[in-house]
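For reference, the structure discussed in these notes is given below.
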Amino acid sequence: MKKALIAAFVGTVSGAVITTQVAAPLLAQEAAKTTNVYQQLDLFGDIFERIRAQYVEEVDEADLIEAAIDGMLTSLDPHSSYLSPDDAADMRVQTRGEFGGLGIEVTQEDGFVKVVSPIDGTPADEAGVEAGDFITHVDGDSLLGLTLDKAVDLMRGPVGSEIIITIAREGVDEPFDISIIRDTIKLTAVRTRTEGETVVLRVTTFNDQTYPNLKDGIAKQIEEAGGIDSVNGFILDLRNNPGGLLTQAIKVSDAFLESGEIVSTRGRNPADGDRYNAQEGDLALGKPLVVLINGGSASASEIVAGALQDHRRAIVVGTRSFGKGSVQTVMPLRGEGAMRLTTARYYTPSGRSIQALGISPDIVVEQPRRDPSANNEDEEKSAAHQSRSEADLRGALSNDSLSEDEIRQIEEDRAKAEAAAKLREDDYQLAYAIDILKGLLALGGKN
């Protein structure tokens with residue numbers, strides 16, 4: 001019995017010694033880290049006081065603190081930032097779909113401002129700004145070395161005022177200037193129309209209006225077509241859509257899915273992850289779906305494209321998307337400001353991370369660029385010459401085996417074909433997507 005007690009005592013002492021030997025260095029390391037943090041904060045205080053007392057000009061103390069906070073956040077990644085009270089108010093207005101500005105979504109790369117995408121129908125879009133453009137100067141002032149927020153501030157101004165931005169574009173030898181008149185940006189989140197028998201759903205952004213606009217637009221187009229049986233499929237056009245609200249991306253994905261995961265988010269702590277699943281109900285009633293994306297499709301657009309692709313609900317056509325797969329949480333701060341902090345990453349239903357990789361289309365289709373130096377008059381003459389047929393020849397025999405109704409039907413079919421050919425010139429990617437739906441229907445696709 002004594003031996004057992006002695007053994008137990010020795011074991012306890014040994015355990016205490018081992019615990020002390022392991023825990024003591026860890027505690028010491030933690031204490032050293034804490035001491036180092038406080039030393040760094042003391043250093044910050046010293047620098048702050050030196051600037052306030054000795055800088056060549058008097059400085060605003062509040063501006064110094066705000067710049068320090070913003071610098072701390074922007075050093076993390078391109079999407080984390082401090083929002084002043086004015087910026088926070090602007091952001092709340094933007095999610096409602098109306099704000100003042102140029103109409104471009106931007107990020108920062110290599111020290112310059114990079115255009116993620118221009119928004120349809122905005123001053124920047126009409127002036128010819130393209131996804132992938134680098135903005136190097138604003139009104140002659142270089143943006144190199146400025147934070148993204150500071151660069152955006154330079155682009156802001158009164159509605160109706162002119163701004164000149166200098167653009168560096170891939171494939172163009174020299175930077176060039178674009179003049180833009182600032183305007184109030186009123187976003188129409190979803191525009192719908194019918195091309196032949198195909199319903200085209202153009203989603204420009206993900207704000208509070210997106211899902212309601214989409215739902216109403218689909219119902220309207222189906223009604224105008226004479227019912228779902230008169231529709232051969234849908235095209236969800238997400239090109240140059242810079243994203244927006246996660247909640248709206250989930251709703252838009254759910255609009256075409258009956259069940260299954262839409263997207264998951266994973267943060268630093270595994271317990272903080274979330275999964276979002278689809279509910280029963282397909283607004284397209286099972287009709288074939290093609291999703292169009294390009295390098296300007298980012299964030300929420302990529303969530304939708306990835307979900308529909310992984311569930312094999314849609315064929316994704318176009319070029320690789322932007323690759324913004326991170327989640328930003330807006331946290332209110334004292335003084336009516338806010339902090340936008342990257343807190344998680346997005347993953348598609350199959351577990352793919354969108355971050356930096358983007359969504360790769362099932363069918364890669366580039367959008368051809370027109371050559372501005374080409375002679376349009378010569379092109380038109382050539383096209384007219386190639387379109388000549390037997391019926392254009394002098395004295396050609398008429399076709400007496402067709403009824404008037406059959407001739408009218410042939411002429412209508414010819415008009416549709418000519419309209420399709422024109423669409424290929426105006427928007428090759430969209431025309432390609434429509435052709436895919438026609439092919440699926442011809443092969444007995446799902447109706």
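The values are calculated or read from the model by the stated rules, or taken from the named source; none is laboratory data. All values derive from a computational prediction rather than experimental measurement. Here the Cβ is made from the backbone with ideal geometry for all residues, glycine too, and neighbour counts use every protein chain on show. In case anyone asks, the SASA skips ligands and DNA or RNA and just uses the protein heavy atoms, side chains included. Shrake-Rupley method; radii C 1.70, N 1.55, O 1.52, S 1.80 Å.
On full extension of the chain, what length is gained from residue 49 through residue 275, given 0.36 nm per residue of separation minus the C-alpha to C-alpha distance?
76.6 nm
Residue order by solvent-accessible surface for 220, 114 is 220, 114, largest first, with ligands and nucleic acids left out and a 1.4 Å probe.
A protection proxy built from the mean count of other Cβ atoms within 10 Å ranks the segments 107-113, 307-313, 198-204, most packed first, as 198-204, 307-313, 107-113. Between residue 139 and residue 282, the simple spin-label model (points 7 angstrom out along Cα→Cβ) gives 5.3 nm.
Can you pick out the pairs among 186/438; 186/215; 251/324; 215/287; 324/438 whose Cα atoms lie more than 26 Å from each other? Long pairs (Cα-Cα over 26 Å): 186/438; 324/438.
For 264, 142, the ranking by accessible surface with the largest value first comes to 142, 264, using a 1.4 Å probe.
Three semi-axes describe the equivalent ellipsoid of the range 281-350; taken as square roots of 5 times the Cα gyration tensor eigenvalues and ordered largest first, they are 31, 14, 11 Å.
With a Förster radius of 56 Å applied to the C-beta separation of residue 411 and residue 77, the computed FRET efficiency comes to 0.45. For the range 229-377, with all protein chains present and a 1.4 Å probe, just round the carbon and sulfur fraction of the accessible area to a whole percent. The computed percentage sits at 47.
Extension gain, residue 40 to residue 178, is 45.2 nm, computed as 0.36 nm per intervening residue step minus the present C-alpha separation.
Net charge near residue 163, counting Lys/Arg +1 and Asp/Glu -1 over other residues with Cβ under 13 Å of its Cβ?
Here the charged neighbours net out to -4.
Entry comment: accessible area of the range 168-294 is 46 Å² per residue, from protein heavy atoms only and a probe of 1.4 Å. Once the Cβ-Cβ distance of residue 156 and residue 229 is raised to the sixth power relative to R0 = 41 Å, the FRET efficiency obtained is 0.25.
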